[in-house]
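Notes follow the structure.
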Amino acid sequence: MPLQARTTDTTGNITLQGNNKVLLEPGYYYIFYGASAILDNAGYMQVTPTYNGTSHLDDGIYSKTGTPKTTAWGAHGLILNAPAQTTFTLTFNSDTTARSGALSLCILKLEPGNSQ
């Protein structure tokens, strides 16, 4: 899914690569994303994240509509452990034509807590 950076991470831990990949340096991240689209026919919309070299259906968004010209939508948040540099992507899939799609993605690097 096409992405556009609204804020640049000056630490270099989160970097947009091209228009559909985010490069994450090793660490823990909180990631939240939401997607919506108008489906021309009754059907489904699925958004699947890929990170650490694997697609993660368990962290995906799935929405099914029962009537034509209806908005499918969903949101999901996760904490991602990147033991090594990893690429994060979101893949959109639907069994019908989707229009007026929107995606919001927020990635925050988590800092380790102080045990004192």
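The values are calculated or read from the model by the stated rules, or taken from the named source; none is laboratory data. All values derive from a computational prediction rather than experimental measurement. Backbone-built Cβ (ideal geometry, glycine too); neighbour counts: all protein chains shown. When the accessible area is computed, the model is the full protein with side chains, heavy atoms only, and any ligands, DNA or RNA have been set aside. Shrake-Rupley method; radii C 1.70, N 1.55, O 1.52, S 1.80 Å.
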I need the full set of residues from region 4-50 which are open to solvent by less than 30 Å² (accessible area, probe 1.4 Å) and closer than 29 Å to THR70 by Cα, in order please. ILE31, TYR33, GLY34, ALA35, ALA37, LEU39, ASP40, GLY43, MET45, VAL47, THR48, PRO49
Wholly within region 1-69, strands (runs of 3 or more DSSP E) carrying at least 2 residues that are more than 17 Å from the chain's Cα centre (by Cα): 27-39
Could you please find all residues in region 74-101 being open to solvent by less than 50 Å² (accessible area, probe 1.4 Å) and in a strand (DSSP E or B)? GLY74, HIS76, GLY77, LEU78, LEU80, ALA82, THR86, PHE88, THR89, LEU90, SER94, ALA98
Since MET1 meets every condition but one in (1) in contact with a Leu (Cβ under 9 Å, 6 or more places away or on another chain); (2) open to solvent by less than 60 Å² (accessible area, probe 1.4 Å); (3) at pLDDT 95 or above, which condition does it not meet? (3)
Scan region 35-68 for residues that are free of Cβ contacts under 8 Å to residues at least 24 places away in the same chain and touching a His at 6+ places or on another chain (Cβ under 9 Å) and jot them down. ASP59, GLY60
